[in-house]
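The values are calculated or read from the model by the stated rules, or taken from the named source; none is laboratory data. Not measured: the values here are computed from a predicted model. Here the Cβ positions follow ideal geometry from the backbone for every residue, glycine too, while neighbour counts run over all protein chains shown. Keep in mind that these areas ignore ligands, DNA and RNA; they rest on the heavy atoms of the full protein, side chains included. Shrake-Rupley method; radii C 1.70, N 1.55, O 1.52, S 1.80 Å.
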Amino acid sequence: MTENIQQNEEKKSVSFIEQKVIDDLAEGKNGGRIQTRFPPEPNGYLHIGHAKAIAIDFGLAKKYGGTCNLRFDDTNPQKEDTEYINSIEQDIKWLGFEWANIYYASDYFQQLWDFAVWLIKQGRAYVDEQSSEVIAQQKGTTTSPGTNSPYRDRPVEESLRLFNFMNSGKCEPGTLTLRAKIDMAHPNMLFRDPLLYRVLNMPHVKTGTKWNAYPMYDFAHGQSDYLEGVTHSWCTLEFVEHRPLYDLFVQWMREWIAECGATAESGSKLFTLHSSLLTYQGPRQTEFNKLNLNYILLSKRNLRLLVSEGMVSGWDDPRMPTICGYRRRGYSPAGIQKFIDKIGYTKIDALNDTALFESALREDLNQRAWRVSAVLNPVKVVITNYPEGQTEMLTAVNNPENEADGMHEIEFSRELWIERDDFMEVAEKKFMRLAPGKEVRLKNAYIIKCNEEHAFDKDDEGRVTTIYCTYDPETRSGMPGADRKIKGKTLHWISCHNAVKAEVRMYDRLWKIENPRDELKRLEDEEGIKGAEALKRMYNPDSLHVINDCYVEPFAAQQPSLTYLQFQRIGYFNVDPDSTPSKPVFNKTVGLKDTKNK
């Protein structure tokens, strides 16, 4: 009884996808082997939605002793570039994952071509001479059947001749396509003689000029899975309708391999690598919900527009939802994984709250970020009873959550910078910071008291320039007098003597609309506005605010790029790659608390 309860609890604690893996391994499917793949198209940088797929593709394979391959879906040379390939590899490694092998869909172009030739000979494919517009019209609707192409029953020999012509470099793009012969009345529109090949007549980054006709995604994807020996093919919910076609093409390939045998006829190294293909059960596709976040737009096409239109500084702009953008802003791989674990994998599309993402990030950064002092809106404090010209070195804990992170020194002197908001000329009743006659504790230092008479100076515009205080020398942190109780809060500060001027970049939401994806659709459907113009309608012009008149302690200025920091009492920040010791630059990652939803 207890054992059954434990098993039920274990089942509840894993996603439906993971449970399928557990069940498959228990049943000994594919020889008790698990093999997955992450198949991005190298036509842009990865975004946070891809991180969810990466986490399950690589994560479950590792957890259950399997392997995960990285496979680039490079079937569309019009948009692909080695820049994107390099960035994808870097992002996956940064997230903490390693692939078993790197493959490309183009590795299988010869096998896919030979397979297509076999389909033509089998009477399951034909070359069509109609335009894409006519083919689309002939597809019919969800409530009415399609119309057969007049070329559907053309002789096999003629289709073979034209198929070879498609790859000759002499065929005009758009004039010939290869289509599967399935069923133009099928209730699933994807079965109505789908395209298998189209002519592009352009070089490929890996294969050069060998190919002028390229396979379509639906034809290449499942076959690539099969040739690699993938056991579990995971994708998002929009591919639910594609699954029957995926299964059909895989079944056809199984028949082709059974007829041809696992020979070197196609020149495929994969036939040698996977000698079990003849008995291989094949991949099984399972779909899960996409990662959708409010105030965030996930679409490589739209992200590319943001870059090309200059609305952001690049793919790694910290406002971008790209993996490299989050990395530059200061998000941690563990924080991203925590968020993915929180939302899980389901069959229901949902709009997740960005606040949940930020909450998961805070949980992680609280454990890893070093505490430093930074003053973003400074006002000077002069401690009148502290000796002029004297300085002393105090110690500060790098991270109270991790003793192993050690300590660093901070300088104390007669003149300090504090936050302007930490002072009030005439204190309200509940104001517990610095004001005439009030005491506060300075973090890691002394208790100071603002003078009641001549408490501050102002400039000609009435702005406070200098605050005058005295300190209690018996109250330094670590001394017996440090236990003296006061009503005031503990403030952060920086010595004016060695403060380093810094640039701090504060970020807000890139979009003014909570659900920009739906708003884009509305703008296009109702107002006929699309592309860059639609994006500019939703764009938040105040999403970046740069502060130049702020100071950080020297320890913060010396940290290398991408160091996780907590500016005490302000928020979590990251050292930007633009930063130098003489001119440090910091990106605000997230505040210490969620203030937007209050």
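Six or more apart or on different chains, Cβ atoms under 6 Å: show the pairs whose first residue is in the range 569-598 and without any contact (Cβ under 8 Å) to a residue 40 or more places away in the chain and under 20 Å from TRP493 (Cβ atoms) and whose second is open to solvent by less than 70 Å² (accessible area, probe 1.4 Å) and part of a loop (DSSP other than H, G, I, E, B).
If the second residue must be open to solvent by less than 70 Å² (accessible area, probe 1.4 Å) and part of a loop (DSSP other than H, G, I, E, B), the pairs left are GLY571/LEU592.
Among the numbered criteria (1) assigned to a helix (DSSP H, G or I); (2) open to solvent by 20 Å² or more (accessible area, probe 1.4 Å); (3) touching a His at 6+ places or on another chain (Cβ under 7 Å); (4) of a type in the set (A, V, I, L, M, F, W, C), which one does LEU298 miss?
LEU298 satisfies every listed condition except (1).
Suppose we filter PHE239, PHE163, PHE219, PHE191 for residues that are in contact (Cβ under 8 Å) with a residue 40 or more places away in the chain, farther than 30 Å from LEU70 by Cα and among the aromatic types (Phe, Trp, Tyr); which single one remains?
PHE163
Determine if the range 405-422 includes at least one residue that is touching a helix residue (DSSP H, G or I) at 6+ places or on another chain (Cβ under 6 Å), within 16 Å of ALA499 (Cβ to Cβ) and surrounded by 13 or more Cβ atoms within 10 Å (Cβ to Cβ).
Yes, because at least one residue in the range 405-422 is touching a helix residue (DSSP H, G or I) at 6+ places or on another chain (Cβ under 6 Å), within 16 Å of ALA499 (Cβ to Cβ) and surrounded by 13 or more Cβ atoms within 10 Å (Cβ to Cβ).
If you take the residues of the range 158-171 that are assigned to a loop (DSSP other than H, G, I, E, B) and touching a strand residue (DSSP E or B) at 6+ places or on another chain (Cβ under 7 Å), which of them is nearest to LEU245 (Cα to Cα)?
ASN167
Yes or no: LYS487 in contact with a strand residue (DSSP E or B) (Cβ under 8 Å, 6 or more places away or on another chain), of a type in the set (D, E, K, R) and either at pLDDT below 95 or part of a loop (DSSP other than H, G, I, E, B) (or both)?
yes
Inspect all residues belonging to the range 390-403 and state whether any of them is surrounded by fewer than 18 Cβ atoms within 10 Å (Cβ to Cβ), among the hydroxyl-bearing types (Ser, Thr, Tyr) and at negative phi.
yes
Suppose the filter is within 40 Å of the chain's Cα centre (by Cα) and either under 30 Å from LYS63 (Cα atoms) or open to solvent by 60 Å² or more (accessible area, probe 1.4 Å) (or both); does GLU157 pass it?
The answer is no for GLU157.
Taking the range 178-200 as the region of interest, how many residues are part of a loop (DSSP other than H, G, I, E, B), open to solvent by less than 40 Å² (accessible area, probe 1.4 Å) and either under 16 Å from ARG124 (Cα atoms) or of a type in the set (Val, Ile, Thr) (or both)?
4
Across the range 362-372, what is the number of residues that are open to solvent by 70 Å² or more (accessible area, probe 1.4 Å) and in contact (Cβ under 8 Å) with a residue 40 or more places away in the chain?
Matching residues across the range 362-372 total 1.
From the list ALA435, ALA445, ALA427, which residue is among the small types (Gly, Ala, Ser), closer than 18 Å to LYS489 by Cα and modelled with pLDDT under 95?
Selected residue: ALA427, the only one of ALA435, ALA445, ALA427 that is among the small types (Gly, Ala, Ser), closer than 18 Å to LYS489 by Cα and modelled with pLDDT under 95.
Residues checked against (1) among the hydrophobic types (A, V, I, L, M, F, W, C); (2) surrounded by fewer than 17 Cβ atoms within 10 Å (Cβ to Cβ):
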{"residue": "GLY32", "(1), (2)": "no, yes"}
{"residue": "THR36", "(1), (2)": "no, no"}
{"residue": "ILE48", "(1), (2)": "yes, no"}
{"residue": "PRO77", "(1), (2)": "no, no"}
{"residue": "LEU95", "(1), (2)": "yes, no"}
{"residue": "SER106", "(1), (2)": "no, no"}
{"residue": "LEU112", "(1), (2)": "yes, no"}
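Out of the residues in the range 201-225 that are in a helix (DSSP H, G or I) and not charged (D, E, K, R), which is surrounded by the most Cβ atoms within 10 Å (Cβ to Cβ)?
Of everything passing the filter in the range 201-225, SER224 is surrounded by the most Cβ atoms within 10 Å (Cβ to Cβ).
Within the range 445-458, does at least one residue satisfy the condition of being closer than 30 Å to VAL590 by Cβ and either more than 45 Å from the chain's Cα centre (by Cα) or assigned to a loop (DSSP other than H, G, I, E, B) (or both)?
Scanning the range 445-458, I find at least one residue that is closer than 30 Å to VAL590 by Cβ and either more than 45 Å from the chain's Cα centre (by Cα) or assigned to a loop (DSSP other than H, G, I, E, B) (or both), so the answer is yes.
Just the residues that are within 11 Å of ARG192 (Cβ to Cβ), surrounded by 10 or more Cβ atoms within 10 Å (Cβ to Cβ) and not charged (D, E, K, R), please, taken from the range 137-148.
GLN138, GLY140, PRO145, GLY146, THR147, ASN148
Got a sec? Which strands (runs of 3 or more DSSP E) wholly within the range 345-412 have at least 3 residues that are more than 18 Å from SER332 (Cβ to Cβ) and either at pLDDT 95 or above or among the small types (Gly, Ala, Ser) (or both)?
By residue number, 378-383, 391-397.
Going by what's in this entry, would PHE239 be described as within 26 Å of GLU18 (Cα to Cα), touching an Asp or Glu at 6+ places or on another chain (Cβ under 9 Å) and not charged (D, E, K, R)?
When the stated conditions are applied, PHE239 passes them.
For the range 75-157, which fully contained helices (runs of 4 or more DSSP H) count at least 3 residues that are under 30 Å from GLY314 (Cα atoms)?
82-94
Could you list, in sequence order, all residues of the range 79-93 that are surrounded by fewer than 21 Cβ atoms within 10 Å (Cβ to Cβ) and farther than 24 Å from LYS338 by Cα?
Answer for the range 79-93, where residues must be surrounded by fewer than 21 Cβ atoms within 10 Å (Cβ to Cβ) and farther than 24 Å from LYS338 by Cα: LYS79, ASP81, THR82, GLU83, ILE85, ASN86.
Got a number for residues in the range 322-361 being closer than 17 Å to PHE16 by Cβ, in contact with a strand residue (DSSP E or B) (Cβ under 8 Å, 6 or more places away or on another chain) and buried (at least 18 other Cβ atoms within 10 Å of the Cβ)?
2
Pull out all pairs, ordered by first then second residue, where Cβ-Cβ is under 6 Å, the residues are six or more apart or on different chains, the first lies in the range 523-547 and is free of Cβ contacts under 8 Å to residues at least 24 places away in the same chain, and the second is in a loop (DSSP other than H, G, I, E, B).
LEU523/ILE529; GLU524/LYS530
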